[in-house]
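S.K.: Would you mind keeping the following structure in view while I ask a few things?
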There are 2 protein chains.
Amino acid sequence: MKARIKITLKNGVLDPQGKAIAHALDALGFDGVGDVRQGKYIEVELDETDPAAAEDTVKRMCEQLLANTVIENYAYELEGS
Amino acid sequence: MKARIKITLKNGVLDPQGKAIAHALDALGFDGVGDVRQGKYIEVELDETDPAAAEDTVKRMCEQLLANTVIENYAYELEGS
(Lines give C-alpha, C1' and ligand atoms only; values in the text may rest on other atoms or scores of the structure.)
Protein backbone atom coordinates (compact mmCIF):
# COMPACT_ATOMS: atom_id res chain seq x y z
CA MET A 1 0.00 0.00 0.00
CA LYS A 2 0.98 3.60 -0.24
CA ALA A 3 1.11 5.96 2.74
CA ARG A 4 0.71 9.68 2.19
CA ILE A 5 2.08 11.52 5.19
CA LYS A 6 1.73 15.22 5.96
CA ILE A 7 3.98 16.74 8.58
CA THR A 8 3.12 20.21 9.80
CA LEU A 9 4.50 22.51 12.46
CA LYS A 10 2.37 22.75 15.59
CA ASN A 11 0.47 25.95 16.22
CA GLY A 12 2.64 28.48 17.95
CA VAL A 13 5.88 27.20 16.45
CA LEU A 14 7.52 29.90 14.37
CA ASP A 15 7.61 29.14 10.65
CA PRO A 16 10.13 31.36 8.87
CA GLN A 17 9.72 29.46 5.58
CA GLY A 18 5.99 30.14 5.67
CA LYS A 19 6.63 33.79 6.43
CA ALA A 20 9.03 34.01 3.49
CA ILE A 21 6.41 32.52 1.18
CA ALA A 22 3.75 34.95 2.43
CA HIS A 23 6.15 37.82 1.83
CA ALA A 24 7.02 36.62 -1.67
CA LEU A 25 3.32 36.19 -2.57
CA ASP A 26 2.71 39.72 -1.38
CA ALA A 27 5.63 41.00 -3.47
CA LEU A 28 4.15 39.22 -6.52
CA GLY A 29 0.93 41.16 -6.06
CA PHE A 30 -1.29 38.54 -4.45
CA ASP A 31 -3.65 40.33 -2.09
CA GLY A 32 -5.59 38.91 0.81
CA VAL A 33 -3.01 36.32 1.78
CA GLY A 34 -3.11 35.51 5.48
CA ASP A 35 -1.06 33.00 7.38
CA VAL A 36 1.14 30.62 5.34
CA ARG A 37 2.60 27.48 6.87
CA GLN A 38 5.01 25.13 5.18
CA GLY A 39 5.26 21.47 6.05
CA LYS A 40 6.52 18.27 4.52
CA TYR A 41 4.75 15.71 2.41
CA ILE A 42 6.11 12.20 2.19
CA GLU A 43 4.90 9.23 0.16
CA VAL A 44 6.05 5.80 1.27
CA GLU A 45 5.42 2.58 -0.64
CA LEU A 46 4.89 -0.36 1.70
CA ASP A 47 4.90 -4.07 0.87
CA GLU A 48 2.46 -4.61 3.77
CA THR A 49 -1.08 -5.37 2.55
CA ASP A 50 -2.95 -5.48 5.87
CA PRO A 51 -4.33 -1.99 6.59
CA ALA A 52 -4.08 -2.29 10.40
CA ALA A 53 -0.46 -3.46 10.27
CA ALA A 54 0.41 -0.78 7.70
CA GLU A 55 -1.15 1.90 9.90
CA ASP A 56 0.88 0.72 12.87
CA THR A 57 4.07 0.76 10.78
CA VAL A 58 3.42 4.26 9.44
CA LYS A 59 2.71 5.57 12.93
CA ARG A 60 6.02 4.18 14.19
CA MET A 61 7.86 5.63 11.19
CA CYS A 62 6.43 9.06 11.98
CA GLU A 63 7.25 8.85 15.68
CA GLN A 64 10.75 7.51 15.23
CA LEU A 65 12.02 9.29 12.15
CA LEU A 66 9.76 11.40 10.01
CA ALA A 67 8.27 13.89 12.48
CA ASN A 68 9.80 15.71 15.42
CA THR A 69 6.80 15.31 17.68
CA VAL A 70 7.98 18.08 19.99
CA ILE A 71 7.24 20.71 17.37
CA GLU A 72 5.47 18.86 14.57
CA ASN A 73 2.15 17.10 14.00
CA TYR A 74 1.69 14.32 11.50
CA ALA A 75 -1.29 12.96 9.63
CA TYR A 76 -1.44 10.13 7.15
CA GLU A 77 -3.69 8.39 4.68
CA LEU A 78 -3.28 4.85 3.45
CA GLU A 79 -4.23 3.96 -0.06
CA GLY A 80 -4.90 0.76 -2.02
CA SER A 81 -2.77 -2.35 -1.89
CA MET B 1 -10.73 30.02 2.84
CA LYS B 2 -7.77 27.78 3.37
CA ALA B 3 -5.79 26.19 0.54
CA ARG B 4 -3.85 22.99 1.21
CA ILE B 5 -1.23 22.54 -1.48
CA LYS B 6 0.89 19.46 -2.10
CA ILE B 7 3.94 19.80 -4.29
CA THR B 8 5.60 16.62 -5.45
CA LEU B 9 8.47 15.80 -7.75
CA LYS B 10 7.43 14.46 -11.13
CA ASN B 11 8.02 10.80 -11.87
CA GLY B 12 11.51 10.24 -13.16
CA VAL B 13 13.01 13.17 -11.28
CA LEU B 14 15.67 11.97 -8.84
CA ASP B 15 14.73 12.45 -5.20
CA PRO B 16 17.81 12.15 -2.96
CA GLN B 17 15.83 13.23 0.13
CA GLY B 18 13.39 10.41 -0.45
CA LYS B 19 16.26 7.97 -0.94
CA ALA B 20 17.82 9.14 2.33
CA ILE B 21 14.54 8.58 4.17
CA ALA B 22 14.17 5.09 2.68
CA HIS B 23 17.72 4.28 3.75
CA ALA B 24 17.14 5.60 7.28
CA LEU B 25 13.91 3.61 7.62
CA ASP B 26 15.78 0.51 6.54
CA ALA B 27 18.53 1.21 9.09
CA LEU B 28 15.85 1.55 11.80
CA GLY B 29 14.63 -1.95 10.99
CA PHE B 30 11.52 -1.19 8.94
CA ASP B 31 11.14 -3.93 6.35
CA GLY B 32 9.17 -3.88 3.14
CA VAL B 33 9.72 -0.21 2.42
CA GLY B 34 9.65 0.54 -1.28
CA ASP B 35 9.96 3.86 -3.00
CA VAL B 36 9.90 7.00 -0.80
CA ARG B 37 9.28 10.45 -2.27
CA GLN B 38 9.45 13.70 -0.37
CA GLY B 39 7.51 16.77 -1.36
CA LYS B 40 6.28 19.97 0.17
CA TYR B 41 3.00 20.76 1.86
CA ILE B 42 1.87 24.36 2.10
CA GLU B 43 -1.21 25.83 3.78
CA VAL B 44 -2.30 29.29 2.69
CA GLU B 45 -5.04 31.32 4.34
CA LEU B 46 -6.93 33.41 1.80
CA ASP B 47 -9.35 36.26 2.45
CA GLU B 48 -11.14 35.31 -0.78
CA THR B 49 -14.51 33.65 -0.12
CA ASP B 50 -15.55 32.77 -3.68
CA PRO B 51 -14.36 29.20 -4.43
CA ALA B 52 -13.80 29.79 -8.16
CA ALA B 53 -11.76 32.95 -7.57
CA ALA B 54 -9.79 31.26 -4.79
CA GLU B 55 -9.02 28.31 -7.05
CA ASP B 56 -7.77 30.64 -9.76
CA THR B 57 -5.59 32.48 -7.24
CA VAL B 58 -4.11 29.28 -5.83
CA LYS B 59 -3.36 27.98 -9.32
CA ARG B 60 -1.50 31.18 -10.16
CA MET B 61 0.42 31.04 -6.86
CA CYS B 62 1.56 27.50 -7.67
CA GLU B 63 2.57 28.36 -11.22
CA GLN B 64 4.38 31.57 -10.34
CA LEU B 65 6.04 30.80 -7.04
CA LEU B 66 5.29 27.62 -5.15
CA ALA B 67 6.03 24.90 -7.67
CA ASN B 68 8.77 24.56 -10.24
CA THR B 69 6.53 23.13 -12.94
CA VAL B 70 9.48 21.80 -14.94
CA ILE B 71 10.18 19.16 -12.31
CA GLU B 72 7.26 19.37 -9.88
CA ASN B 73 3.52 18.67 -9.89
CA TYR B 74 1.10 20.42 -7.63
CA ALA B 75 -2.32 19.55 -6.25
CA TYR B 76 -4.53 21.56 -3.96
CA GLU B 77 -7.70 21.40 -1.93
CA LEU B 78 -9.76 24.37 -0.82
CA GLU B 79 -11.55 24.29 2.47
CA GLY B 80 -14.34 26.29 4.08
CA SER B 81 -14.51 30.04 4.22
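S.K.: Count neighbours as other Cβ atoms within 10 Å of each site's Cβ, and list the trypsin sites (Lys or Arg not before Pro) in the range A:27-81 that are DSSP loop with at most 11 such neighbours.
M.R.: In loop regions of the range A:27-81 (DSSP not H, G, I, E or B), there are no sparsely surrounded trypsin sites (Lys or Arg not before Pro).
S.K.: Sticking with this one: What's the angle, to the nearest 10 degrees (0 to 90), between helix B:51-61's Cα axis and the longest principal axis of chain B?
M.R.: Helix B:51-61 sits at roughly 50 degrees to that axis.
S.K.: Could you name the lysines in cross-link range of residue B:10, using Cα to Cα under 24 Å and dropping any fewer than eight places away on the same chain?
M.R.: Residue B:10 reaches A:2, A:6, A:40, B:19, B:40, B:59.
S.K.: I'd like to check one number: the per residue accessible area of the protein assembly as shown, probe 1.4 Å, reported in Å² as a whole number.
M.R.: Value returned for the protein assembly as shown: 55 Å² of accessible area per residue.
S.K.: All other residues with a Cβ under 13 Å from the Cβ of residue A:55 taken together, and with Lys, Arg as +1 and Asp, Glu as -1, what is their net charge? Before the final figure, lay out each step's value.
M.R.: Details: positive: A:2, A:4, A:59, A:60; negative: A:48, A:50, A:56, A:63, A:77, A:79.
Within the 13 Å Cβ shell, the charges total -2.
S.K.: Moving to a separate point now. Below 9 angstrom from the Cβ of residue B:6, what's the summed charge of the other residues (Lys, Arg +1; Asp, Glu -1)?
M.R.: Spelling it out: positives minus negatives among the neighbours equals +3.
S.K.: Please report how far the C-alpha centroid of the range B:25-58 lies from that of the range A:1-69, rounded to the nearest whole angstrom.
M.R.: Here the two parts' Cα centres lie 6 Å apart.
S.K.: If you project the alpha carbons of the protein assembly as shown onto the principal axes, what extent comes out on each, in Å, largest first?
M.R.: Each principal axis gives a Cα extent; for the protein assembly as shown these are 48, 35, 25 Å.
S.K.: Assuming 0.36 nm per residue, please report the length gained on full extension of the stretch residue B:70 to residue B:52 beyond their Cα-Cα distance.
M.R.: Between residue B:70 and residue B:52, full extension yields 3.9 nm more.
S.K.: While we're on this one: Direction-averaged shadow area of the convex hull around the Cα atoms of chain B, nm²?
M.R.: 6.5
S.K.: Apply the Karplus parameterisation 6.51 cos²θ - 1.76 cosθ + 1.60, with θ equal to phi minus 60°, to every residue of the range B:33-41 and state each ³J(HN,Hα) to the nearest whole Hz, in sequence, with x for glycine and proline.
M.R.: Residue by residue, the range B:33-41 yields 8, x, 5, 10, 10, 10, x, 10, 10 Hz.
S.K.: Right, something else. Rounding to the nearest 10 and keeping the result within 0 to 90°, find how far the Cα-based axis of helix B:16-27 lies from the longest principal axis of chain B.
M.R.: 50
S.K.: Run the simple label-point estimate for residue A:77 and residue A:28 please: 7 Å along Cα→C-beta, distance reported in nm.
M.R.: 2.4
S.K.: Before rounding to the nearest 500, sum -39500 (n - 2.57) across all DSSP H runs of length at least 4 in chain B and divide by the residue total; then give [θ] at 222 nm in deg cm²/dmol.
M.R.: One gets -8500 deg cm²/dmol as the mean residue ellipticity at 222 nm.
S.K.: I've got another one for you. Among residues other than residue B:67 whose Cβ falls under 12 Å from its Cβ, what is the net charge (Lys/Arg +1, Asp/Glu -1)?
M.R.: My count for the surroundings of residue B:67 gives +3.
S.K.: Using modelled backbone amide H atoms (1.01 Å from N, in-plane), which distant-in-sequence or interchain residues come within less than 5 Å of residue A:72's amide H?
M.R.: A:10
S.K.: Using unit Cβ charges (K, R positive; D, E negative) and no other charged atoms, how large, in debye to the nearest 20, is the dipole of chain B about its Cα centre?
M.R.: Charge dipole, chain B, about its Cα centre: 340 debye, nearest 20.
S.K.: Using a 1.4 Å probe, how large is the accessible area of residue B:31, given in Å² and rounded to the nearest 10?
M.R.: It works out to around 130 Å².
The values are calculated or read from the model by the stated rules, or taken from the named source; none is laboratory data. Not measured: the values here are computed from a predicted model. In this analysis, Cβ positions are derived from the backbone assuming ideal geometry, glycine residues included, and neighbour counts consider all displayed protein chains. The protein model used for the area step is the full one, side chains on, heavy atoms only, and it has no ligands, DNA or RNA in it. Shrake-Rupley method; radii C 1.70, N 1.55, O 1.52, S 1.80 Å.
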